[in-house]
Amino acid sequence: MQGGESWTVTAPGRVNLIGEHIDYHGLPVLPMALRCSVRVTFRRRNDRRIHASSVGFGTREFEWKQNLQPVAAGDWENYLRAAAQVVDRRWGIGCGVDAEVTSDLPPAAGLSSSTALLVAFTLGLLDANGIQAGFQELMEVLPNGEQFVGTRGGGMDHAACLASRAGCASLIEFDPVRIRPIPVPADWAFLVADSLEKAEKSGPARAEYNARRAAGSTALANLGLKSYADINRSFTAAAGLSGHELDAYTHVTSEAQRVRDAVCALERHDASTFGRLLLESHASLRDRLQVSCPALDRLVETATESGALGARLTGAGFGGCAVVFCLRRDLAAVRQGLIDRYPLIDAEPGPGVLEN
């Protein structure tokens, strides 16, 4: 970039500790922001062109106008276009930007690198046009913006990226969206381990991801219910459901209970229960929702054999990463058992972009 004043927006990735494939059904989840992030440095332009470059991913440029259409599936330009459309539909089209994107988040790993890019670019466009927006206002527009690329997700990633607090996991609830920081005990430790099986949520896995959401919604409709939030703690009987709908319903309702139990375990510093819940979550994702893969299953097994109290796939699945939980005193041994086979990230709970 050349000329003009520049500024940088840093948006973190997140690791979801527990509560997978349920945020889009309006149920609470428990992620935490990472200290790895997408960083975008901006300069304001005097026209409506948006120009962005990223080492390894090339340069993208387009005219900011109404009714932008997606480019090829899987192209990172779609997230830039999604940000432009988010801003346009709420605040109108403004001046364009020159931008440089850097990241230490692995792509297609289930750590929300795409959401971090969307959030950072949206905030950069708002900054360039002198617009200030708070958490609630951003949460009204960002989840729908992600659907520009064809992914029918929920709002967990955006809320965690925006408003997580350092040292805390975030209990995120919906309708209305709210976030409650829950301190992570000092003697607890988390790793994120990459299975090396890529999970391109904006590419081939998109249809499979959307199918899981559709199955859960169909199950709810077949039971004559409007919302999973209406189901009591003992769960409504799933009579009449079968196949993918029964599996999706069983996963969603049991995972919602695991989130509640995990919050209690976290607040009680009950590491054993917390670890067991992670393993139960992975089993449900593997057997009921069928979003795991052999590489992720081997990773989870290796983690527990190395001394982890629990581990599970994190993110949409179909590849990507697992979150690994242990006591800090056992961290070196667990790391040693994984490091020769898997890239690792120390998952220290960091702040959201609005908390920096």
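The values are calculated or read from the model by the stated rules, or taken from the named source; none is laboratory data. Just so we're clear, the structure is a prediction, and the values are computed from it rather than from any experiment. Quick reminder, even Gly has a Cβ in these numbers, built from the backbone with ideal geometry, and neighbours come from all protein chains shown. Note: areas computed on protein heavy atoms with side chains; ligands, DNA, RNA excluded. Shrake-Rupley method; radii C 1.70, N 1.55, O 1.52, S 1.80 Å.
Things worth noting here:
- Residue with peak Gaussian network fluctuation, the chain [Cα springs, cutoff 10 Å], from Lys198, Lys65, Lys226: Lys226
- Accessible-area rank, largest first, for Arg286, Arg43: Arg286, Arg43, with all protein chains present and a 1.4 angstrom probe.
- Residue of Ser284, Ser292, Ser53 that the Gaussian network model of the chain assigns the largest fluctuation, springs spanning Cα pairs under 10 Å: Ser53
- Taking only Cα atoms of segment 137-217, radius of gyration then Dmax in Å: 15.3, 41
- Two-decimal Rg to Rh for segment 280-336 - Kirkwood Rh, Cα set: 0.99
- Adding -39500 (n - 2.57) for every DSSP H run of four residues or longer, then dividing by how many residues the chain holds, sets the calculated 222 nm ellipticity at -12000 deg cm²/dmol.
- Global form of segment 26-141, assessed from the alpha-carbon gyration tensor, a/c cut-off 1.5: oblate
- Kirkwood hydrodynamic radius (C-alpha pairs) into Stokes-Einstein, segment 204-356, 10 °C and 1.306 mPa s, D in µm²/s: 93 µm²/s
- Cβ-Cβ distance of Thr10 and Ala238, R₀ of 45 Å, FRET efficiency by 1/(1 + (r/R0)^6): the value works out to about 0.55.
- Packing-based order for 338-348, 96-106, using average beta carbon neighbours within 10 Å, highest first: 96-106, 338-348
- Rolling a 1.4 Å probe over the protein heavy atoms gives the chain an accessible area of 41 Å² per residue.
- Sorted peptide list for 71-84, 12-25, criterion being average Cβ within 10 angstrom, highest first: 12-25, 71-84
- Here the Gaussian network model covers the chain, with springs between Cα atoms less than 10 Å apart; of Leu118, Leu34, Leu327, Leu327 fluctuates the most.
- Extension gain, Glu305 to Arg48: 0.36 nm times the residue separation minus the Cα-Cα distance gives 87.0 nm.
- Across segment 21-33, computed HN-Hα scalar couplings (Karplus, 6.51 cos²θ - 1.76 cosθ + 1.60, θ = phi - 60°) run 6, 10, 5, 6, 9, x, 9, x, 9, 9, x, 9, 6 Hz from first to last residue, x flagging Gly and Pro.
- Taking 7 Å steps out from each Cα toward its Cβ at Thr273 and Gln69 produces label points 5.5 nm apart.
- Taking label positions 7 Å along the Cα-Cβ direction at both Ala332 and Arg298, the computed distance is 2.9 nm, reported to one decimal.
- Rounded percent of accessible protein surface that carbon and sulfur make up, the chain, 1.4 Å probe: 47 percent
- Placing R0 at 41 angstrom, the Cβ-Cβ distance between Ala229 and Glu61 gives a FRET efficiency of 0.40 after rounding to 0.05.
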